[in-house]
1. Wholly within segment 1-73, which strands (runs of 3 or more DSSP E) include no fewer than the required count, namely at least 3 residues that are in contact with a Phe, Trp or Tyr (Cβ under 8 Å, 6 or more places away or on another chain)?
2. What tally of residues in segment 118-145 results from selecting those that are in a loop (DSSP other than H, G, I, E, B) and either in contact with a Gly (Cβ under 9 Å, 6 or more places away or on another chain) or in contact (Cβ under 8 Å) with a residue 40 or more places away in the chain (or both)?
3. Where residues in segment 51-70 are of a type outside the set (S, T, N, Q) and open to solvent by 100 Å² or more (accessible area, probe 1.4 Å), which of them is nearest to R81 (Cα to Cα)?
4. Among the candidates L195, L222, L210, single out the residue that is outside any helix (DSSP H, G or I) and touching a helix residue (DSSP H, G or I) at 6+ places or on another chain (Cβ under 8 Å).
5. Checking H79 against (1) open to solvent by 30 Å² or more (accessible area, probe 1.4 Å); (2) out of contact with any Pro (no Cβ under 7 Å at 6 or more places or on another chain): exactly one of these is not met. Which one?
6. For the subset of segment 156-177 comprising residues that are within 16 Å of R114 (Cβ to Cβ), of a type outside the set (F, W, Y) and not in a helix (DSSP H, G or I), which member is farthest from the chain's Cα centre (by Cα)?
7. Looking for whichever is in contact with a helix residue (DSSP H, G or I) (Cβ under 8 Å, 6 or more places away or on another chain), farther than 22 Å from L164 by Cα and open to solvent by less than 30 Å² (accessible area, probe 1.4 Å) here; the options are V20, V73. Which one fits?
8. Taking into account only those residues within segment 204-223 that are crowded, with 20+ Cβ neighbours inside 10 Å and of a type outside the set (A, V, I, L, M, F, W, C), which is nearest to Y113 (Cα to Cα)?
Amino acid sequence: MHDELQYTIRRSPRARRIRVKVDPHDGVEVVIPQRATHEHAHAAIVELRPWIDRRLDEARSARERVQSPPGTVPFLGAHLRLRHDPRRSRAVRRDGELWLPQREPNEALERWYRAQARAEIAPRLTKATETLGVTKATTLAIRNQRTRWGSCSSTGAMSFNWRLVLAPEPVLDYVVWHEACHLVVPNHSSRFWALVERHLPGYREPRRWLRRNGAALVLPPLP
């Protein structure tokens, strides 16, 4: 017999059928059409419970794999020790320590990560596009998409998720090369993957890592 499962219900005017979403941090959500009832949502939970339990177990394992030691946060495969300084107004890194202000430390921490993401991604992207011989002008945006790590538009506009710097460095390298290669091949054909492999022969391992653990790459709320 299953334990009672906690879930939320969201009614969507655009939904044409009932969908169940499992998020590693937000939990289980049932999206229902306007005319569906809560009983319909419960029936979907009962029917999909084995699949839901598997997804929750996978999410739990992913969180355990990427979790930093207490009092630290991850950064490109390393762990930075958090410190607090009431005199500061922004986050500052000193070697293996990251100093945060006492007021609004969560906001300061994310701002620091966003700035670091740009600082780490920009030179990598420049090197990749120069190596590929891409002449198309590109712009770089750092975003906070929930499920997307990077994107490349037909005009060469590049977008990357700042949470990539929470992952090991080879994962960041893979996503940058992945998007840069889309400037040459705008699809996921065999030609595209051959191009990625030519410039990043070991891409399969970081790609696999991101698929298994990416959803767990979030910063824990600070006290």
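1. Here the list reads 27-32.
2. So the answer is 4.
3. Looking at residues that are of a type outside the set (S, T, N, Q) and open to solvent by 100 Å² or more (accessible area, probe 1.4 Å), I get P70.
4. L222
5. Failed condition: (2).
6. Only one residue fits best here, namely M158.
7. V20
8. In this case the residue turns out to be G214.
The values are calculated or read from the model by the stated rules, or taken from the named source; none is laboratory data. Small disclaimer: the values here were computed from a predicted structure and weren't measured. As a convention, Cβ positions derive from the backbone with ideal geometry for all residues, glycine included, and neighbour counts pool all protein chains shown. Note: areas computed on protein heavy atoms with side chains; ligands, DNA, RNA excluded. Shrake-Rupley method; radii C 1.70, N 1.55, O 1.52, S 1.80 Å.
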